Amino acid sequence: MHRGSVLLAATLAATMVCAAEHNEAVIRKQIQRLKESEVNGWRKVPWAASLLAARRASEREKRPLFLFTYCGNLETGRC
Amino acid sequence: MRVSSLSDPRVMDLISTYFVPVLVSRDDYQRTPRSEDEKAELLRIDRECARRGLKGGSVCVFLLAANGDLLATQRVQQACKPENLLPLLQQLIAEQKLRPRSQEAIQASAAQPAAIAPSRDRKEVEGPFLHIWTRLDTGPNYGLGHDRVALSVAQCQAFLPPADAKPGTSWNIPEEITRPLFQYGYPPFPQWEAKDCKVQKGTLKATLAAISEDEARIQLEGEMLLKFPLGRPSEGYITARFVGLAREDRKKQTLTSLMLMSEQAEYVWYWQGKPQLRKMRIALELGP
């Protein structure tokens, strides 16, 4: 009886470990898929660090400036 | 704009090659406030825009000459479509007979990635951090929302099993721990302030799945109800069921992994009194 209980407990524990491993792989994949869905081409544009830095570069190069102003935080998608 | 025109390869190519490009947030949300000189320059541009009767606004493209004169503007409603922004850029390039910038000049004016990247939660300099990603899966594409919040020691410890826990032991993560984390589970919208969100429900149940001398594995499941007003008088809310896992380093008694995922979250908002449903996904993950 005692041996049976121990065996059952061991089997249950092993099942929980297997389920946890399976769940972890699935969740990790789902999170990865979500992260990879980001459209982030805009990050490749060589943005200047600030408006003043851009103005200085624009004057130095005698070249127009492209300014996009927005509300929120473009970096976090909260905009 | 960031997922449409600013990520359109044709627009990216023109603004990278022929212009000095710069992004400016009007309110520095989650960012270091800008200098007084920069505020003054932005004000000068806005005033010139108004004086000349050009279409301006908070969310707008401004094209400036090398001496700072305003050449043209395009509001976001138009500029977010590449077919509107491209002709404006092409026209200016042709009129001014612009030649491509040299790689040296581009590199000289470009910010180091670190100068714009760590804009999240700048006040928090020490981790560990929890990353929260949100995405609407139906309707217009607003891209991905991504917040990063620092976890306190108390928040981390709440996920760790009690000292005498055995596989199968469950405990509830207190709502005062989950609420500040679930608060960021709102969709990436122009309504962007986290403080406007109110967590109505934020339950999380932890169950010890496996334990050894080195490691404990914890399964997580929970629910979230988040109020998220989208303008007035409409009010919206997000419902989500989460499943997840955490790991503890037993020797160091620290949280080494934490993941929560909701694949079938729903965002409901109201239009003329009728509920409008949009599917969304929410993920939370411990990270640098």
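The values are calculated or read from the model by the stated rules, or taken from the named source; none is laboratory data. Nothing here was measured: the structure is a model prediction, and the numbers come from that model. Here the Cβ positions follow ideal geometry from the backbone for every residue, glycine too, while neighbour counts run over all protein chains shown. These area figures cover heavy atoms from the full protein model, side chains too; ligands, DNA and RNA do not enter into them. Shrake-Rupley method; radii C 1.70, N 1.55, O 1.52, S 1.80 Å.
With protein chains left intact and a 1.4 Å probe, residues in segment B:5-109 average 51 Å² of accessible area per residue. Here B:Glu221 and B:Glu176 are evaluated by their C-beta separation; at R0 = 22 Å the FRET efficiency comes out at 0.70. The label-point distance for B:Gln157 and B:Ala105, in a model that sets each label 7 Å from Cα toward Cβ, rounds to 5.9 nm.
Interface area, chains B and A: about 6700 Å² of buried accessible surface, summed, with a 1.4 Å probe and ligands, DNA and RNA left out.
Counting only lysines at least 8 places from B:Lys274 when in the same chain, those with an alpha carbon closer than 25 Å to its own are B:Lys198, B:Lys201, B:Lys227. For the protein assembly as shown, the alpha carbon convex hull comes to 159 Å³ per residue, rounded to a whole number. The label point for B:Leu86 and the one for B:Ser35, both projected 7 Å from the Cα toward the Cβ, are 3.8 nm apart.
Need one word for segment B:5-109: rounded, prolate or oblate. Basis is the Cα gyration tensor (sqrt eigenvalues a ≥ b ≥ c); a/c below 1.5 gives rounded, then a/b vs b/c decides.
Working: a/c = 1.43, a/b = 1.25, b/c = 1.14.
It is rounded, given that a/c, with a ≥ b ≥ c, falls under 1.5.
For segment B:129-287, what is the charge dipole size about the Cα centre, in debye to the nearest 20, if Lys and Arg each add +1 at the Cβ and Asp and Glu each add -1 at the Cβ?
So the dipole magnitude of segment B:129-287 works out to roughly 360 debye.
Note on A:21-32: average number of Cβ atoms from other chains within 10 Å of each residue's Cβ is 5. Give me the percent of the accessible area of chain B that comes from carbon and sulfur atoms, probe 1.4 Å, all protein chains in place. Accessible surface attributable to carbon and sulfur in chain B totals 51 percent. Mean residue ellipticity, 222 nm, helices only, chain B: the sum of -39500 (n - 2.57) across DSSP H runs of n ≥ 4, divided by residue count and rounded to 500, is -6500 deg cm²/dmol.
A 1.4 Å probe run over the protein chains yields, for segment B:165-254, 48 Å² of accessible area per residue, whole-number rounding.
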